[in-house]
Amino acid sequence: MTLRTVLFIGLGAGHALACWIGAASPALGPAIAATIYGPLFALDAVSLPVFGNAASGGWAAPSPLGWACVLMLWGALWWGVAALLARWSGRS
């Protein structure tokens, strides 16, 4: 397994762990929600159906397309970070 893959798995697992722990923490909750809803608001602005139906007065949950977009965005971001770190270490 290449260093880039190990870094990617570690960064992705760290993000998932932060989301899981942050969901129970009132201090980290808004930051975790921003990692999900931030990209979705940008995609919603270009009229992609990234939100499901919302209860009256509540936040709309991401649609399946929204979840796929969030996963692809963060996956691409962490892959890029892992690629840069692997390049700077001198081993790819």
Inspect all residues belonging to the range 26-35 and state whether any of them is surrounded by 11 or more Cβ atoms within 10 Å (Cβ to Cβ) and assigned to a loop (DSSP other than H, G, I, E, B). yes
> Is there a residue being open to solvent by 90 Å² or more (accessible area, probe 1.4 Å), within 27 Å of LEU3 (Cα to Cα) and touching a Phe, Trp or Tyr at 6+ places or on another chain (Cβ under 7 Å) anywhere in the range 64-74?
Replying inline: no
SER89 passes all but one of the listed conditions (1) touching a strand residue (DSSP E or B) at 6+ places or on another chain (Cβ under 7 Å); (2) of a type in the set (Ser, Thr, Tyr); (3) open to solvent by 40 Å² or more (accessible area, probe 1.4 Å); the exception is number (1)
In the range 43-63, residues that are open to solvent by 60 Å² or more (accessible area, probe 1.4 Å) and either within 30 Å of THR5 (Cβ to Cβ) or not in a helix (DSSP H, G or I) (or both) total 9
Taking first residues from the range 32-54 that are at negative phi and at pLDDT below 90 and second residues anywhere that are outside any helix (DSSP H, G or I) and loosely packed, with under 11 Cβ neighbours inside 10 Å, the pairs with Cβ under 7 Å that are 6 or more apart or on different chains are none
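The values are calculated or read from the model by the stated rules, or taken from the named source; none is laboratory data. Owing to the predicted nature of the structure, the values given are computational and were not obtained by experimental measurement. Cβ coordinates were reconstructed from backbone atoms using ideal geometry, including for glycine residues, and neighbour counts include every protein chain displayed. Note: accessible area is taken over every heavy atom of the protein model, side chains too, but ligands, DNA and RNA are not part of it. Shrake-Rupley method; radii C 1.70, N 1.55, O 1.52, S 1.80 Å.
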